[in-house]
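Accompanying notes for the structure given below.
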Amino acid sequence: MTDILTTGPLARALAERNYEKLTPVQTAVLADDAAGRDLLVSAQTGSGKTVAYGLAIAKNIMGDADRLRSASAPLALIVAPTRELALQVHRELTWLYGYAGARVVSCVGGMDPRREQRDLADGAHIVVGTPGRLCDHLRRGRLDVSQLKAVVLDEADEMLDMGFREDMEFILETTPETRQTLLFSATLPRGIVALAKQYQRSAVRVEVTGDEGGHADIEYRAVRVHSNDLENAVVNLLRFFESASTLVFCNTRNAVRHQQAMLLERGFSVVALSGELTQNERTHALQSLRDGRARVCVATDVAARGIDLPSLDLVIHADLPNDPEVLQHRSGRTGRAGRKGVAVLLVPPSRRRRTETLLSMAGIEAVWEAAPTAEAIRKLDQQRMLQEDVFAKEFTDEDLSMARALLAERSPEDIAAALARLYRSRLPAPEDILDPGEDGGRARHERGRERSGKDRPARNDLDKASPSRAARLKSRDAVSEGAVWFSAAIGRQKNADVRWLLPMICRRGGIDKHEIGKIKVLDTTTEFEISASAASSFQAKIKRPDKEDNIRIQPLLSPSKAEPPREKRHQERDYAKKHPHKPAHKSKSRNDKPYHGDETHHGGKPKRNAHSQRDGASKPGAGMFKKKKANQR
């Protein structure tokens, strides 16, 4: 098979793509003992599998010819689990077989089936598709498989997990028995091995793990973080790495929507991928990532399968995966084809043991560490600012003229400070995060003892132990002195939350969070304090319309009155439960006294009304009821 790499159309295509050295999986499928035979290949995602099976089937579909004959019935069929992966395979095989004159047709869900029918009728050498759409074309007689020489099941383990076993079996049973069958999978569970035994003939098993084990190009990090700091940890990780493209994984669609909204409010360019999106929406989101308009993608496991982003350097597991295979599939979106990547797992103290078990089952060694701190991110910002392209490019005469004019009016320090502020204004602010430490579980136990009154330290000792918290309290009190109140037209009824309200207020008013004092989230509005020094500029900036949200912010003449003390609210609630027909507060007027059943009026006679007639055996009708029960007995 080495002649494929030295001469011919495929060698020419590989040379144009700068394929100087083949990956291990590509070398393995081209070995002499694997040539032309059925293959069961286990290799990590991003290891060059598409080109590998493209080279492996070349001998069967091309023979010794340098160019394929005119397209008629397909010669090869590639089955992929998702639309994105199928379209990616279509692109890869199109350039690989471009000089061979191959016509590659895709058949995937979400696309126009009538157009696919016309493409198949016009003839194709290679067909790439998803299981459901391929089975539909087969049942309707639109796909002729009588001339197939090779069938490839790409990411076969994912297709099993997604419930495509019957579709895969139908495809394999419909195609000629003389075909070459190749199964490519990141893992080899029992279902894949059983499928191989049933539909392959003396298959050669190829396991490629590299010199350092699976995913050797991926650096795994397990980040300790409190449960209530998970969102802040995602923010700091994105700011710390500043990757060109990042995937943030969540376990549910609702979690994806929430995570996307949170990151948008904090100023990140982010898109979302979940199963509820249409194909056009998914394509638009992926294109935004590829052309740089978006740098973060929040996705579920199923939605992200088959995604190939060349610039993806960071994967964040915001929600921990459920099993080792999912962990490998998620992380395999980065570190592809020789590129280095980082996969980060966010681990609350309560999930520490489960995460260690998960990593052990996957054969992965992760570095345990704390989340990046705000101080570390600010230091990196200073370094990155000095490396900006604006300093590397030559200055024009117009630039120098404006610089001299600025120096004539302002000091160099003022100009540098303004430049630093301008640079920081386009960056989302990092968050203050506390490290739960290696003994997170024991620390929780100690805090529980403190709450129960045992070994409770004095308040002064608490302030000394956590100076950051004491400083924040003093800062908030300082803001409240002479502060100006403002109101935002959003409250609890629309799920207002301080965690995303705070960055939104900072962004809208161009202020730092230290300029914000008290925040009160009410039913329909949110009221907050702005320091006296920043209030005038804040009021001027919030008048401008905002494209990202329609939340109206305006000055507030006087804040709403505080709620009654908690003890009083609890008393009123308990009173209402015991006396559902009584108001919470006693009436001052005698005439307003509520009705409590039979009342004794002047003269001692009970008052008769509809209510009193329904209660008690002495009321009218009670004897009839007793008589009726006696008759029933």
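The values are calculated or read from the model by the stated rules, or taken from the named source; none is laboratory data. Source: prediction; values computed, not measured. Cβ coordinates were reconstructed from backbone atoms using ideal geometry, including for glycine residues, and neighbour counts include every protein chain displayed.
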| Scan of region 88-115 for residues that are part of a helix (DSSP H, G or I) and either touching a residue at least 24 places away in the same chain (Cβ under 8 Å) or in contact with a Phe, Trp or Tyr (Cβ under 9 Å, 6 or more places away or on another chain) (or both), ordered by number | Gln88, Val89, His90, Glu92, Leu93, Trp95, Leu96, Pro113
| request: Could you check Gln180 against (1) at pLDDT below 90; (2) within 21 Å of Thr27 (Cβ to Cβ) and say which number it fails? | output: (1)
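How many of the residues in region 264-307 are assigned to a helix (DSSP H, G or I) and closer than 21 Å to Thr334 by Cα?
Start the filter on region 264-307 by keeping residues that are assigned to a helix (DSSP H, G or I), which leaves 264-265, 279-290, 301-304.
Okay, now just the ones that are also closer than 21 Å to Thr334 by Cα, so 282-290, 301-304.
Number satisfying all stated conditions: 13.
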| Checking Pro349 against (1) surrounded by 12 or more Cβ atoms within 10 Å (Cβ to Cβ); (2) more than 20 Å from Cys250 (Cα to Cα), which single condition isn't satisfied? | (2)
| task | State whether one or more residues within region 325-347 are more than 16 Å from Gln44 (Cα to Cα) and in a loop (DSSP other than H, G, I, E, B). | result | no
| query | Looking at (1) within 23 Å of Gln382 (Cα to Cα); (2) at pLDDT 85 or above; (3) among the hydroxyl-bearing types (Ser, Thr, Tyr), can you tell me which one Ser425 breaks? | reply | (2)
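How many of the residues making up region 495-513 are over 17 Å from Ser536 (Cβ atoms) and in a helix (DSSP H, G or I)?
Result for region 495-513: 9.
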| Restricting to region 501-521, what's the tally of residues that are among the β-branched types (Val, Ile, Thr) and surrounded by fewer than 16 Cβ atoms within 10 Å (Cβ to Cβ)? | 0
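One line per residue, one yes/no per condition, for (1) under 25 Å from Arg499 (Cβ atoms); (2) out of contact with any Leu (no Cβ under 8 Å at 6 or more places or on another chain):
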residue: Gln279; (1), (2): no, yes
residue: Thr283; (1), (2): no, yes
residue: Asp291; (1), (2): no, yes
residue: Ala294; (1), (2): yes, yes
residue: Val315; (1), (2): yes, no
residue: Pro321; (1), (2): yes, no
residue: Gln328; (1), (2): no, yes
| message | Yes or no: region 46-56 includes at least one residue that is outside any helix (DSSP H, G or I), of a type in the set (S, T, N, Q), at pLDDT below 90 and buried (at least 22 other Cβ atoms within 10 Å of the Cβ). | response | yes
| Only one of (1) part of a loop (DSSP other than H, G, I, E, B); (2) modelled with pLDDT of 95 or more is not met by Val151, so which one is it? | (1)
| Search result, residues across region 247-287 that are β-branched (Val, Ile, Thr) and crowded, with 17+ Cβ neighbours inside 10 Å | Val248, Val256, Val270, Val271
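Of the residues Val248, Val225, Val270, Val302, which single one is closer than 30 Å to Val41 by Cα, in contact with a helix residue (DSSP H, G or I) (Cβ under 7 Å, 6 or more places away or on another chain) and of a type in the set (A, V, I, L, M, F, W, C)?
Values: Val225 fails: closer than 30 Å to Val41 by Cα; Val270 fails: closer than 30 Å to Val41 by Cα; Val302 fails: in contact with a helix residue (DSSP H, G or I) (Cβ under 7 Å, 6 or more places away or on another chain).
It is Val248.
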| said: Looking at the structure I just gave you, is Gly109 surrounded by fewer than 17 Cβ atoms within 10 Å (Cβ to Cβ), in contact with a Lys or Arg (Cβ under 6 Å, 6 or more places away or on another chain) and in the same structural domain as Phe184 (by TED's automatic domain parsing)? | reply: yes
| query | Which of the residues belonging to region 116-144 are under 19 Å from Arg103 (Cβ atoms), assigned to a helix (DSSP H, G or I), more than 32 Å from the chain's Cα centre (by Cα) and of a type in the set (Lys, Arg)? | reply | Arg118
| request: Kindly list, by first and then second residue, each pair from a residue in region 327-345 that is on the phi > 0 side of the Ramachandran plot and assigned by TED's automatic domain parsing to the domain that holds Asp301 to a residue that is modelled with pLDDT of 80 or more and assigned to a strand (DSSP E or B), limited to pairs with Cβ atoms under 7 Å and residues at least 6 apart or on different chains. | output: Gly335/Ile218; Gly335/Gly341
| Filter region 310-324 for residues that are among the aliphatic types (A, V, I, L, M) and part of a loop (DSSP other than H, G, I, E, B); which is farthest from Ser245 (Cα to Cα)? | Leu320
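Starting from residues that are free of Cβ contacts under 8 Å to residues at least 60 places away in the same chain and in contact with a strand residue (DSSP E or B) (Cβ under 6 Å, 6 or more places away or on another chain), keep the ones in region 121-130 and report whichever is farthest from Glu166 (Cα to Cα). Steps first, answer last, please.
As a first pass, look at region 121-130 and keep what is free of Cβ contacts under 8 Å to residues at least 60 places away in the same chain: 121-124, 127-130.
Those still in the list that are in contact with a strand residue (DSSP E or B) (Cβ under 6 Å, 6 or more places away or on another chain) too: 124, 127-129.
Working: Ala124: 25, Val127: 20, Val128: 18, Gly129: 16 Å.
If we take residues in region 121-130 being free of Cβ contacts under 8 Å to residues at least 60 places away in the same chain and in contact with a strand residue (DSSP E or B) (Cβ under 6 Å, 6 or more places away or on another chain), then Ala124 is farthest from Glu166 (Cα to Cα).
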| So which pairs qualify, if the first residue must be in region 185-201 and assigned by TED's automatic domain parsing to the domain that holds Val79, the second must be among the acidic types (Asp, Glu) and surrounded by fewer than 17 Cβ atoms within 10 Å (Cβ to Cβ), the Cβ gap must be under 9 Å, and the two must be at least 6 apart or on different chains? | Leu188/Glu207; Leu195/Glu169; Gln198/Glu169; Tyr199/Glu169; Tyr199/Glu173; Arg201/Glu177
| message | For the condition at negative phi, surrounded by fewer than 18 Cβ atoms within 10 Å (Cβ to Cβ) and within 30 Å of the chain's Cα centre (by Cα), what is the one hit in Arg12, Arg37, Arg91, Arg69? | response | Arg91
| task | Would you tally the residues in region 25-45 being farther than 22 Å from Arg91 by Cα and part of a helix (DSSP H, G or I)? | result | 4
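Taking the condition surrounded by 19 or more Cβ atoms within 10 Å (Cβ to Cβ) and either touching a Ser or Thr at 6+ places or on another chain (Cβ under 6 Å) or within 24 Å of Gly109 (Cα to Cα) (or both), does Arg330 pass?
Details: surrounded by 19 or more Cβ atoms within 10 Å (Cβ to Cβ): yes; either touching a Ser or Thr at 6+ places or on another chain (Cβ under 6 Å) or within 24 Å of Gly109 (Cα to Cα) (or both): yes.
For Arg330, the condition - surrounded by 19 or more Cβ atoms within 10 Å (Cβ to Cβ) and either touching a Ser or Thr at 6+ places or on another chain (Cβ under 6 Å) or within 24 Å of Gly109 (Cα to Cα) (or both) - is met.
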| task | Would you mind finding the one in Glu431, Glu356 that is part of a helix (DSSP H, G or I) and surrounded by 14 or more Cβ atoms within 10 Å (Cβ to Cβ)? | result | Glu356
| said: What's the total number of residues in region 371-424 that are surrounded by 12 or more Cβ atoms within 10 Å (Cβ to Cβ), of a type in the set (Gly, Ala, Ser) and over 30 Å from Pro436 (Cα atoms)? | reply: 4
